[in-house]
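What follows is a single structure, written as structure tokens, with notes after it.
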Amino acid sequence: MKKLILLLIIPLFFFMPLVAANMVVPDRPLNGIYDPNGYLTTSVAETLESMNTGSETQVGIYIVDTLNGSSIEEVANEVARKWKIGKQDSNSGILIAIAIKDRKFRIETSNEAAIWLPDSKASSLLNDSKPYMKEGKYTDALNRILVGISKAESRKAEIINKKENKNTRLPKSLKYIAIILGILKIGLKYMPLIFLVYALLAIWFHYLKRCRFSKYEYEGKGKLYPDFPDFVSNDTWTEERKSDYKKNKRLIRSQYNYAGYNKLYPDSKGFLPNDTWTALLIEAYYAEVERKQLDRLNRSQYSYNGKGKLYPNDKDFVKNASWTSELKKSYYASQRVQSSSYGRLDSSTSSYDTGSSSSSWSSDDWDGGGFDGGGSSDSW
């Protein structure tokens, strides 16, 4: 029994697709209305002609008794494709398909028309015309649908702009980034002025700081004295105070145990005698100075061939009779020859070739549009 049922059902699966595949789609009438049974009046044709002539959208009407088992979606799509509904420059096409005895109807939209007449709007137009379809007022129903399509098309630009704005609307996170970038843009625009004001303020505050640190009464960290580079002259430092400061500084530098910069020795200019330099220390210092002077004189002799020999152009050289005028001339001449030989430089040039390239591009025109199942179906 089960085998018999299967044998009866299986052929149906092969036969059902053939219904739509073998459906004969009539050629498109000149006025775009296929109504072989005369359900519509001439007013529909007049309305349709006015719409198709005065807009970018092309509308067709397909009204029959029955679909012979096919779905309204399949029939509407096949008819729309074969009729090639939609003007060449816009590809905006709509088909209204109606099966009277099956009590089904559908608005099929092309890809371009679906932008401004979405499925929800198509469904709303079908729902509004149901009362007329139930009463058999097919002309009134079609006219109502056509008026709705015309109104929707008149708002096409507005609808498209809304969709584009919605697509280009930034998320909140990106809005904050955009605000920050806007602030940075303004900041960069006035950056030179901001930097100038900041620099002037920094210079001014630094000057005020130097003035405070240069006061005689200031005893804090970073105190500035008259011989410091950043010192700012002021009335608190009288001539007597300046003289006392310099004398005190010389006295510090004249101390025997002073290990700082510019130490003063007993034979230095500005040295101030003090108790740290005892007579024995002074005697030892001068003995060392004399020893060094004799050593320099010995190494400055022309005949000296030991380590550390001093020549006439050396800083520590001590003039002496061993270096005659002829010997000095000969020495300086040899120095000039040696210096010129070190100053020679070889130079080379290099060259390189540059090439040029050219590129070209081309673009191909393309055609879009078509019917990919957009629209809405309903029954009454």
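The values are calculated or read from the model by the stated rules, or taken from the named source; none is laboratory data. Note that this is a predicted model, so its numbers are computed, not measured. Reconstructed Cβ throughout: ideal geometry from the backbone, glycine too, with neighbour counts over all protein chains shown.
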Report task. Taking L280 as meeting all but one of (1) surrounded by 10 or more Cβ atoms within 10 Å (Cβ to Cβ); (2) modelled with pLDDT of 95 or more; (3) under 30 Å from Y245 (Cα atoms), write down the number of the exception. Result -> (1)
Query raised in the report: Got a sec? Which of S254, S300 is farther than 30 Å from D227 by Cβ, touching a residue at least 12 places away in the same chain (Cβ under 8 Å) and not acidic (D, E)?
Result: S300
Query raised in the report: Does the stretch 133-154 hold any residues that are surrounded by 14 or more Cβ atoms within 10 Å (Cβ to Cβ) and more than 19 Å from I33 (Cα to Cα), and which are they?
Result: A152, E153
Query raised in the report: For the stretch 243-257, what are the residues that are surrounded by 15 or more Cβ atoms within 10 Å (Cβ to Cβ) and not aliphatic (A, V, I, L, M)?
Result: Y245, K249, R250, R253, S254, Q255, Y256
